[in-house]
Amino acid sequence: MTTDLLNARLDGIKPLDVAEMLNIIYQLLIAGNETTTNLIASAMMLLVRNPDQMRLVIEDPSLVPNMIEEALRLESPVQGLFRVAKAASEIGDVKIPEGARLAVMYASGNRDEAEFPDADRFDVRRANARTHLGFGQGEHFCIGAALARLEARVAFETLLTRMPVIRLAAGKNDFAHTPSFILRGLRELHLEFEAS
Ligand code: HEM
């Protein structure tokens, strides 16, 4: 990919300079790495803390993709990002002046009771789980969404087949998260398992 960036040429546009290339590489490294890692750990935490839901997925592995959407909704690895309002507008009763800096919290929308009844519940069969905002929305929708979904699906299809008994390691988990305003992820997750 770095070779492609170095060789990229578009008619009439100057080639990318080193700073621009580094910016793209950093973005892909951060956006595409820590997020997916956090998603897999968070989904595993939700499963081991909700054994009834874990059982449903083990009994019917076709639920894995929807379980991943539900984990993205509840534990959104990207909690929100920033925007600058290009025009004055109004959301609900809140007036937003032109030029205002906004923290748009996808994770908050993902627990909107109007969209997701009983929103704090982890429900691997939730019919509209995929309507979450965990990958953003609109022009800047995550370019890696399909890859992240695939990685998580392969991870869980493999893990749940090879280790049908997975539980929390007794007394070792405090479920502390890495302090960050934007990214959400567990510092550690200690598990015990029995191999099949
Ligand atoms: C669970 C995994 C992931 C989550 C939760 C996630 C979340 C997001 C979100 C919320 C945005 C929207 C940003 C905005 O509104 O400004 C975004 C954008 C982006 N994501 Fe992801 N992402 C994930 C995985 C990936 C992967 C695997 C890649 C690359 C291989 C990636 C690359 C990007 C890039 C480059 C953007 C910027 C797109 C743009 O501004 O047009 N992400 N991601």
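The values are calculated or read from the model by the stated rules, or taken from the named source; none is laboratory data. Since this is a predicted model, take the numbers as computed values, not measurements. Positions of Cβ are backbone-derived with ideal geometry, glycine not excepted, and every protein chain shown enters the neighbour counts.
Before moving on, here are some points about what is shown:
- Answer residue from region 66-110, given it is under 14 Å from the mean Cα position of the chain (by Cα) and in a loop (DSSP other than H, G, I, E, B) and is surrounded by the most Cβ atoms within 10 Å (Cβ to Cβ) among those: S76
- Any hit, region 6-21, residues being over 15 Å from the mean Cα position of the chain (by Cα), within 13 Å of the ligand (Cβ to nearest atom), assigned to a helix (DSSP H, G or I) and surrounded by 12 or more Cβ atoms within 10 Å (Cβ to Cβ): no
- The test for being away from the ligand (no atom under 16 Å from the Cβ), outside any helix (DSSP H, G or I) and over 29 Å from A85 (Cβ atoms) does not hold for P179.
- Test: residue in region 84-103 that is modelled with pLDDT of 95 or more, near the ligand (Cβ under 10 Å from one of its atoms) and either within 26 Å of P51 (Cα to Cα) or in contact with a Leu (Cβ under 9 Å, 6 or more places away or on another chain) (or both): no
- Taking every residue in region 142-156 that is under 24 Å from I24 (Cβ atoms) and pairing it with any residue that is within 7 Å of the ligand (Cβ to nearest atom) and among the aromatic types (F, W, Y), at least 6 positions away or on another chain, the pairs with Cβ-Cβ distances below 6 Å are C142/F135; A145/F135.
- Members of region 148-166 that are surrounded by 13 or more Cβ atoms within 10 Å (Cβ to Cβ) and away from the ligand (no atom under 16 Å from the Cβ): E157, L159, L160, M163, P164, I166
- Residues being away from the ligand (no atom under 16 Å from the Cβ) and β-branched (V, I, T) - total across region 47-69: 3
- The set of residues in region 22-46 being more than 10 Å from the ligand (Cβ to nearest atom) and surrounded by 14 or more Cβ atoms within 10 Å (Cβ to Cβ) consists of A41, M44, M45, L46.
- Counting only residues that are farther than 26 Å from A155 by Cβ and surrounded by 13 or more Cβ atoms within 10 Å (Cβ to Cβ), region 111-124 holds 1 of them.
- Sole exception among (1) surrounded by 15 or more Cβ atoms within 10 Å (Cβ to Cβ); (2) within 11 Å of the ligand (Cβ to nearest atom); (3) not basic (K, R) for A145, by number: (1)
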